[in-house]
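Data block below; observations after.
The values are calculated or read from the model by the stated rules, or taken from the named source; none is laboratory data. The structure displayed is predicted, hence computed values, not measured ones. Please note: Cβ atoms are built from the backbone with ideal geometry, for glycine as well, and neighbour counts cover all protein chains shown. Areas reflect the complete protein model, heavy atoms only, side chains present, ligands, DNA and RNA absent. Shrake-Rupley method; radii C 1.70, N 1.55, O 1.52, S 1.80 Å.
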Amino acid sequence: MLLKLKQTAAKYSYMLGGYVALLLAFIGAILPVMPTTVFLIIALWCFTRSSDSLEAWLLNHPKFGCILRDWRTCQVIPKKAKYFATFSMIGSLVLTGYLYNFSWLQAGLFMVFAFICNYLFSKPSSVTEMVHTRRHKYINLALTIISVCLLTLWQGYFVQP
């Protein structure tokens, strides 16, 4: 009986998490500052563990279903989403650089954003694109080197002597 109670509590916790993620995805669809797809993926993950009907609804949704099915099968991130995320992160870095002196905040944001961009561009942009090609490895290496160089330049530009 205790095991059944734990399973039921876990199921409803996942369902609640799915609804919260779906609400955040809806807000992200309205506000340009918040992502949508990430929260849809989280909602799909939660609904997979809690409700077959809500999982099917998300996977068959006319607008987001294709993106979620591609993510589930091949971990595809569309080019448009990659570039939008990258330019949004660059914009927020520049804005914090102008609003604040260079500090641990900018360094931390820069490193987190560099890892996120590296992850985004390591994933295929379409189902037909090969994931583990030598080209992707070189692109990731170049992005890492560029990130380190930019962090060094950024520190030199915003640090006041």
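Tally the residues that are under 18 Å from residue 93 (Cα atoms) and touching a residue at least 12 places away in the same chain (Cβ under 8 Å), restricting the search to segment 103-128.
11
Determine which member of the set 43, 29, 81 is closer than 27 Å to residue 124 by Cβ, free of Cβ contacts under 8 Å to residues at least 24 places away in the same chain and either under 19 Å from the mean Cα position of the chain (by Cα) or open to solvent by less than 100 Å² (accessible area, probe 1.4 Å) (or both).
Result: 29 is the single residue among 43, 29, 81 that is closer than 27 Å to residue 124 by Cβ, free of Cβ contacts under 8 Å to residues at least 24 places away in the same chain and either under 19 Å from the mean Cα position of the chain (by Cα) or open to solvent by less than 100 Å² (accessible area, probe 1.4 Å) (or both).
Applying the selection to segment 3-18, what residues are surrounded by 13 or more Cβ atoms within 10 Å (Cβ to Cβ) and either β-branched (Val, Ile, Thr) or touching a helix residue (DSSP H, G or I) at 6+ places or on another chain (Cβ under 8 Å) (or both)?
Result: 14, 15, 17, 18.
Could you figure out which of (1) of a type outside the set (A, V, I, L, M); (2) touching a Leu at 6+ places or on another chain (Cβ under 7 Å); (3) outside any helix (DSSP H, G or I) isn't true of residue 50?
Going through the list (1) of a type outside the set (A, V, I, L, M); (2) touching a Leu at 6+ places or on another chain (Cβ under 7 Å); (3) outside any helix (DSSP H, G or I), residue 50 breaks only (2).
Please find, among 149, 117, the residue that is part of a helix (DSSP H, G or I), modelled with pLDDT of 75 or more and surrounded by fewer than 16 Cβ atoms within 10 Å (Cβ to Cβ).
None of the others qualify; the one that does is 149.
Restricting to segment 50-71, give me the number of residues that are open to solvent by 50 Å² or more (accessible area, probe 1.4 Å), touching a helix residue (DSSP H, G or I) at 6+ places or on another chain (Cβ under 7 Å) and charged (D, E, K, R).
The total comes to 1.
Considering every residue within segment 19-29, establish whether at least one is farther than 29 Å from residue 114 by Cα and outside any helix (DSSP H, G or I).
Looking for residues that are farther than 29 Å from residue 114 by Cα and outside any helix (DSSP H, G or I), one finds none in segment 19-29, hence no.
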